[in-house]
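The values are calculated or read from the model by the stated rules, or taken from the named source; none is laboratory data. Since the structure is predicted, the reported quantities are computational estimates derived from the model, not experimental observations. Cβ: placed from backbone, ideal geometry, glycine included. Neighbour counts: every protein chain shown. These area figures cover heavy atoms from the full protein model, side chains too; ligands, DNA and RNA do not enter into them. Shrake-Rupley method; radii C 1.70, N 1.55, O 1.52, S 1.80 Å.
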Amino acid sequence: MALWVDKYRPKDLLGKDGVDYHIEQANHLKFLSADCMPHLLFCGPSGAGKKTRIKCLLRELYGVGVEKTQLIMKSFTSPSNKKLEIQTVSSNYHIEMTPSDVGIYDRVVVQDLVKEMAQTSQIESTSQRSFKVVVLCEADSLTRDAQHGLRRTMEKYANNCKIVLSCESLSRIIEPLQSRCIIINVPAPTDEDVTKVLRKVIERESFLLPENVLQKIVEKSEGNLRRAILMTEALRMENESGVAESVVIPVPEWEIYIQETARLILQKQSSDMLLKVRERLYELLSRCIPPTVIFKKLLEHLLPKCPPQIAREVVSEAAKFEHRLVLGQKAIFHLEGFVAAFMDIYLTNASKPK
Amino acid sequence: MEEPMEVDNKRPKVLTWTEKYRPKTLDDIAYQDEVVTMLKGALQGRDLPHLLFYGPPGTGKTSAALAFCRQLFPKNIFHDRVLDLNASDERGIAVVRQKIQSFSKSSLGHSHREDVLKLKIIILDEVDAMTREAQAAMRRVIEDFSKTTRFILICNYVSRLIPPVVSRCAKFRFKSLPAEIQVQRLRTICDAEGTPMSDDELKQVMEYSEGDLRRAVCTLQSLAPILKSGDDNARNCYLRGSSDSLLISNVCKSILTADVPQIIALTKDITKSCTGVAFIRRCFQQLMDEDVINDENIGVMGKLVATCEKRILDGCDLENNLLDFLLTLRETIQ
């Protein structure tokens, strides 16, 4: 049994099974695929529907045949003779892979596999499209070298092969690549959009969900449609008989834990407390919560509680420490550094004569 | 193993416009007069130094190099005389030692025609993506075989090359194309493709592409089907492009009056609609135009924009940096 997320994934760009929001954009994509298709770069936050749109586009281009996919492990050798493998999903018309899976060797993937794909042309191009499509996921985690490697490939073999990139943040894609693609921005759906889609799903599943619970889900999902649908399905699984109005959407434990940590920081600013907080941070890290997520959530809980005159300073510090966190190795230093900086700012402000 | 340099266009229909309208001869290269004059001189038999082309993307560096080689050598000997390596090829130190060296060493066969220049050319595209070691290995090669081989190095940032390599070449900077030339070029393409477009609309496309002609042509192509369909409503809504400009004007309006929670909410909104580092940059530009950022605070804000850009490029979230930017802005102007 397929998850609802997959079951109700739109299949076409437009029409009955079409996408539910960003209709104008879908129209645009249809136009693009009809003429000679350029290289595309999809960017948008997770759960906004980038992948869905790419799939719809492929279907629009090649018809149903594109859905007959198979999983192939492709092997290649790095210049230092290391044997590596990468997982690809391919149909007769397209191939999909995530080169960043192989870390720093993604350059070799781009230089070998993608180029090889691009160099061979489609057989019998009269009956179908004359080009193939290479979908590269998580393009923003490609290394610089790999991105440079794509540059000439995209120009030289543009006839044979169109490249579709999908990424979350446009800023990590180098300028020359951006200028070779049409950038398709897929913003997160608005709350109304999410509500609309959820209504449609629960209606088709004949699942009764009180309106206020629906709204709560929409709010919790923060524009991530996938999360919204998954939460709805989880609710259905838990409450077979029906959902009461008063049902509480479960919050992950670690989130409560972070919330509690934030409360402690605000409660008292001293070195004892810093030690206590540190223990809690360690606890979180050892449970494999990504440090960037801890950072974000921590700030989210701290910021509304602090007086407006210090907000600027706090955010500046947060941005600084987040940067160091990304560059550095040991997460705990930077997390703790931020907490200490925050305490300092908070305390100085509180002790200032009014 | 060498593939043909450019795929022959037997079916011109499938070509993207950027390839279709890529300058074929030196005369077609827009605006880069010094380079074109020099290359033309070389075509007529004057001395040809090693060349280094640098400049922002989409200004015609690769096009100039390829057009020059194509005019210099007739098609039948093109592949013997020109070696084109770009970042999509393996270019470690081993390649410099073997492939480049052996190509430059090989002597020229007897050409049937006297008028063809007795030179081989190695085009190294995207040199700034080569490692320092590989660059260093090239130093001797460039000098030793200068009797028979010329290098054309192409890169975006000259500062990423090691100085010894730079000093061996004649440097040419490719300037960003000014607005009039871009509009003119886009106009020619529009006419050739039969897409009706007003000057204003072309200007919009151009502004969006920030001096990068390739991006402008790309955008134009993506708009073409809509423009041809002749639906005025659709036309307006696609030309306006992303919601960026709307968000930016929103920021400019509210920044003077908003309090902290409002700014936080605003930032959340912006990050949801996903724009990259370009958002901060454009916002900065707009604020400067509207004189919100003026002589007094441009120092502080400019520095902050630079810091934020660096942070984001290093892999941080947009949200925090944007918040930092907006809150500092608010504090400085109040």
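Annotations for the structure displayed:
- Those lysines that a straight Cα-Cα span of less than 16 Å connects to residue B:303, excepting residues fewer than 8 apart in one chain: A:320
- Shown is the FRET efficiency for residue B:259 and residue A:144, computed with R0 = 35 Å from the Cβ-Cβ distance and rounded to the nearest 0.05: 0.30.
- Placing unit charges on the Cβ atoms only, positive for Lys and Arg and negative for Asp and Glu, gives region B:12-173 a dipole magnitude near 200 debye about its Cα centre.
- Note: relative contact order over region B:155-235, using C-alpha pairs below 8 Å and six or more positions apart, is 26 percent.
- Shielding by partners, peptide A:68-81 (average Cβ within 10 angstrom, other chains): 0
- Taking all C-alpha pairs of region B:128-215, those more than 19 Å from each other amount to 56 percent.
- Amide H contacts under 5 Å for residue B:149: B:120, restricted to partners 5 or more places along the chain or on a different chain, H placed in the peptide plane at 1.01 Å from N.
- Normalised by 2.2 N^0.38 Å, with N the number of residues, the alpha-carbon radius of gyration of the protein assembly as shown equals 1.06.
- At 0.890 mPa s and 25 °C, Stokes diffusion of region A:77-141 via Kirkwood alpha-carbon radius, µm² per second: 191
- Take the Kirkwood radius over Cα pairs of chain B, plug it into Stokes-Einstein at 10 °C and 1.306 mPa s, and you get 69 µm²/s for translational diffusion.
- Charge dipole (Cα centre; +1 on Lys/Arg Cβ, -1 on Asp/Glu Cβ; no other charges) of chain A amounts to roughly 720 debye.
- Note that chain A presents 47 Å² accessible area per residue, ligands and nucleic acids not counted, probe 1.4 Å.
- Counted by Cβ distance under 12 Å from residue B:284, the other residues give a net charge of 0, where Lys and Arg count +1 and Asp and Glu count -1.
- The base-10 log of I(q)/I(0) for region A:4-185, evaluated at q = 0.09, 0.10, 0.16 Å⁻¹, reads -0.30, -0.38, -1.00 [Debye formula, identical scatterers on Cα atoms, solvent excluded].
- Residue-span extension gain [residue A:211 to residue A:116] - 0.36 nm each, minus C-alpha spacing: 28.9 nm
- Sum of -39500 (n - 2.57) over DSSP H runs of 4+, divided by residues of chain A (222 nm, nearest 500): -15500 deg cm²/dmol
- Distance distribution P(r), chain A, all Cα-Cα pairs, bin width 10 angstrom from 0: 5, 19, 24, 24, 19, 8, 2, 0, 0 percent.
- Over region B:244-333, volume per residue of the alpha carbon convex hull, in Å³: 77
- By DSSP, the beta bridges lying fully in chain A are antiparallel in about 40 percent of cases.
- Close amide-amide hydrogen proximity is noted between residue A:135 and A:95, A:96, A:97, A:164, each under 5 Å apart and 5 or more residues distant or on a separate chain (H modeled in the peptide plane; Pro and chain starts excluded).
- Summarised in one figure, the compactness ratio Rg/Rh of region A:253-351, Cα atoms and Kirkwood Rh, is 0.93.
- Accessible surface of chain B [probe 1.4 Å, protein heavy atoms]: carbon and sulfur percent: 51
- For a straight C-alpha distance cut-off of 30 angstrom, the lysines reachable from residue B:105 (same-chain residues fewer than eight places away being disregarded) are A:115, A:156, B:24, B:40, B:61, B:75, B:118, B:120, B:147, B:171.
- Values of log10 I(q)/I(0), in the order q = 0.08, 0.15, 0.20 Å⁻¹, for region B:12-173 under a Debye, Cα-only, solvent-free model: -0.23, -0.83, -1.45
- Interface size, chains A and B: roughly 5700 Å² of accessible area buried, both sides included, 1.4 Å probe, rounded to the nearest 100.
- Accessible carbon and sulfur surface of region A:4-185 relative to its total accessible area, %, 1.4 Å: 46
- Between the alpha-carbon centres of region B:311-334 and region B:119-144 there is a gap of 40 Å.
- Share of carbon and sulfur in the accessible heavy-atom surface of region A:191-238 [1.4 Å probe, %]: 51
- Each residue of region A:187-196 was assigned a 3J(HN,Hα) from its phi angle through the Karplus expression (A = 6.51, B = -1.76, C = 1.60, θ = phi - 60°), giving x, 4, x, 6, 4, 5, 4, 4, 4, 4 Hz with x at Gly and Pro.
- Scaled radius of gyration (Cα, divided by 2.2 N^0.38 Å) that region A:191-238 gives: 0.98
- The mean sequence separation of alpha-carbon pairs under 8 Å and at least six residues apart, normalised by the residue count of region A:34-186, gives a relative contact order of 33 percent.
- In the context of the full set of protein chains, region B:244-333 has a per residue accessible area of 44 Å² (1.4 Å probe).
- For residue B:123, distant residues with modelled amide H under 5 Å away: B:83, B:84, B:85, B:152
- Relative contact order %, chain A, counting alpha carbon pairs below 8 Å whose residues are six or more apart: 15
- Folded to 0 to 90 degrees: helix A:225-238 orientation relative to chain A principal axis, Cα: 70
- Local electrostatic count at residue A:260 - Lys and Arg +1, Asp and Glu -1, tallied over other residues with Cβ under 15 Å: +3
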